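Read through the structure below, which is laid out as structure tokens, and then see the notes.
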Amino acid sequence: MRINQYIASAGITSRRKADDMIAEGRVRINGEVMKIQGYHVQDGDIVEVDGVRIEPEQKKVYYLLNKPAGYVTSTADKEGRPVVTDLVPDHIRVFPVGRLDYNTTGLLILTNDGELANKLMHPSHGFDKKYLVRAAGIVTLKEAKLLENGVDIGGFITSPSEVDLIRHDRNSTVAEITIHEGKNRQVRRMFKAIGHPVLELSRIGLGNLSIGRLAPGQCRKLSPAEVSYLKRI
């Protein structure tokens, strides 16, 4: 198996990005830095990426997780905080597709299919992302329309979105917002731009995938139809 395919099959990244990692000297085989793009991995070869030994996963798995607050969207954390991969029941190495902030909850996909993960994270594949928001203060219809038309979140004007004001509590507003891009902390920055900082945030939909009744901290395997949908995008 070619080295870039070997890395991709381990769920690390795509074959194209694996070539970049090889060129950057981040791949070692049997302790030696490997820079031969077309090298074929032999039986007994020890392959390491960034100092971590990897092996290809023969079985591809796809999970939908309801991420709870207080978990890092990563496979490891230098500060020792819990990570989302701790919540996957099988002893199969998986990686989160995209990210949710430490205190943001909701729908997150995890898989060991590196090719698919990188395709889904590419900016050209703009999923609709639906969030349930609790924002400080009373968000008016006029302010909601500002969000729908696009707001400046610091040198970037957001694309049109859909906003549904669900209810007003004494000192906060609960709303649903669907965005079509994925800038860093975008929803939080959008509500801050209209003077209503986000108090709670949960992603409840991604494309045609929904969090449904999945409890925080629980995950389920995607159905064959859901996996097929992701691969068609």
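Please treat every number below as a calculation from the coordinates, not as lab data. Everything quoted here is computed from the prediction, not taken from an experiment. Note: ideal-geometry Cβ built from the backbone for every residue, glycine included; neighbour counts use all protein chains shown.
The chymotrypsin sites (Phe, Trp or Tyr not before Pro) of region 87-194 include none that meets both criteria, a DSSP state outside H, G, I, E and B (loop) and at most 10 other C-beta atoms within 10 angstrom of the site's C-beta.
Over the chain, DSSP H runs of length four or greater, each weighted -39,500 (n - 2.57), average out per residue to a 222 nm ellipticity of -6000 deg cm²/dmol.
Listed peptides 164-177, 60-73, 199-212, 34-47 appear in the order 60-73, 199-212, 164-177, 34-47 once ranked by packing, highest mean of other Cβ atoms within 10 Å at the front. Our coupling estimate for region 189-195, obtained by passing each phi through the Karplus curve with A = 6.51, B = -1.76, C = 1.60 and θ = phi - 60°, is 5, 5, 5, 5, 5, 9, x Hz, Gly and Pro reported as x. Within the straight-line cut-off of under 19 Å between alpha carbons, the aspartates and glutamates reachable from Lys183 are Asp101, Asp128, Glu148, Asp152, Glu162, Glu200, sequence neighbours fewer than 8 places apart in one chain being disregarded. Which distance in Å, rounded to a whole number, links the C-alpha centroids of region 28-78 and region 111-173? Measuring centre to centre over Cα atoms gives 32 Å. Candidate cross-link partners of Lys60 among the lysines, defined by an alpha-carbon separation under 23 Å and a same-chain spacing of 8 or more, comprise Lys17, Lys119, Lys221, Lys231.
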